[in-house]
1. For residue 43, work out the one condition from (1) closer than 22 Å to residue 274 by Cα; (2) not in a helix (DSSP H, G or I) it doesn't fulfil.
2. Quick one: which of 159, 150, 180, 211 is without any contact (Cβ under 8 Å) to a residue 40 or more places away in the chain and among the β-branched types (Val, Ile, Thr)?
3. Return the total of residues in segment 301-319 being surrounded by fewer than 13 Cβ atoms within 10 Å (Cβ to Cβ) and among the aliphatic types (A, V, I, L, M).
4. What residue, of 322, 298, is surrounded by fewer than 17 Cβ atoms within 10 Å (Cβ to Cβ), within 20 Å of the chain's Cα centre (by Cα), closer than 23 Å to residue 178 by Cα and among the aliphatic types (A, V, I, L, M)?
5. Within segment 44-69, count every residue that is surrounded by fewer than 20 Cβ atoms within 10 Å (Cβ to Cβ), acidic (Asp, Glu) and modelled with pLDDT under 95.
6. Please verify whether segment 270-289 includes one or more residues that are more than 28 Å from residue 166 (Cα to Cα), out of contact with any Asp or Glu (no Cβ under 7 Å at 6 or more places or on another chain) and surrounded by 13 or more Cβ atoms within 10 Å (Cβ to Cβ).
7. What tally of residues in segment 153-196 results from selecting those that are over 19 Å from residue 241 (Cα atoms) and in a loop (DSSP other than H, G, I, E, B)?
8. Restrict the check to segment 190-206 and report whether at least one residue is buried (at least 17 other Cβ atoms within 10 Å of the Cβ), more than 29 Å from residue 251 (Cα to Cα) and over 21 Å from the mean Cα position of the chain (by Cα).
Amino acid sequence: MSRCLISKAEVQSFVQRCMEAVGTKPHHAQSLAEVLVEGDHRGHYSHGLNRMDMYVKDVQSGICSVVGEPLVEKETVATALVDGQNLLGPVVGNFCMKLALKKAKEAGIGWVVARGSNHYGIAGYYSMQALKENMIGMSFTNTSPLVVPTRGKECTLGTNPISVAAPANNGDSFVLDMATSAVALGKIELHHRRGEEIPIGWGQDSDGKLTPDPSQVLSGGGLVPIGGCEATGGYKGYGLGMMVEVFCGVLAGAEFSNRVRTWKVTDKEANLGQCFVAIDPSAFAPGFTDRMSELLLIQRNLDPAEAGAPVLTAGDPERENIRKCDKLGGIPYHLNVVTHMGL
């Protein structure tokens, strides 16, 4: 057996207790625990329990604050600039998305950016909050430099994820949640922890060459943008990563590019920039959810290229993972991850 089944409630309680043990406020610890468990429940194991030790160390070292709440520094009816007060990323993210939704209800759109934030888990956790209000949600964050620009050898961009969630009929939705790198760093780490090779096109070594060895990516190499090398369109992923920096680090006045601290090195505050957007479809053409449902069905009803491998839309794999977990009665974790976290 390589996996162990643990209930959502048990994992969430464990994460919350660990965070409270190092001085995190109970409601802040709960915010973090909910984000991490949701990541695992949706199948994004690279951003769930696998990340908990990083948050614990950030709080223990004092490099991430446990005092105060996010503050609005500047705002208009539709926009806001938030100071995250160097708090846990999920605390900042929840505050900002709630504010964006409030503004969208009043003005049709809410665009909120934050500086002074930290790693906030899966981007989709925040964009999906808009679905509960029948709105479109978007979320972006910059990260520590882990990605090598096309033609380069040095990491100067983060994985800089993008998430967009749009409601359709009967609880259906489009939920895009992706890094602008070929994969998230956590996937490289998981393969390394399991002693497995990575697919060519996920990362490169210190000489700028694509490699199947996760250890070479983690020690002196780096992730590559979506598309891989230049010949296969990697410059497009590179451009998307830069776009996220514009919305986050640059627009919010946070750190950006290689000014963000090195991943897992707590020599200075992360000061990440994040962006949260809510859009009320009723401010535009009527019948949005009807057309969204049609858009989704057009793709899903296509004849698949291979039997047994239907065409999916963004969010479908995560919904299937949720169904599997719920049927099993818990989340199946790799034993190595459980042992590493001491659960």
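1. All conditions pass for residue 43, except number (1).
2. Just one listed residue meets the conditions, 211.
3. 4
4. 322
5. Residues flagged as surrounded by fewer than 20 Cβ atoms within 10 Å (Cβ to Cβ), acidic (Asp, Glu) and modelled with pLDDT under 95 within segment 44-69 amount to 1.
6. yes
7. Residues flagged as over 19 Å from residue 241 (Cα atoms) and in a loop (DSSP other than H, G, I, E, B) within segment 153-196 amount to 4.
8. yes
The values are calculated or read from the model by the stated rules, or taken from the named source; none is laboratory data. If you're wondering where the values come from, they're calculated on a predicted model, not measured in any experiment. Neighbour counts run over all protein chains shown; Cβ positions are idealised from the backbone, glycine included.
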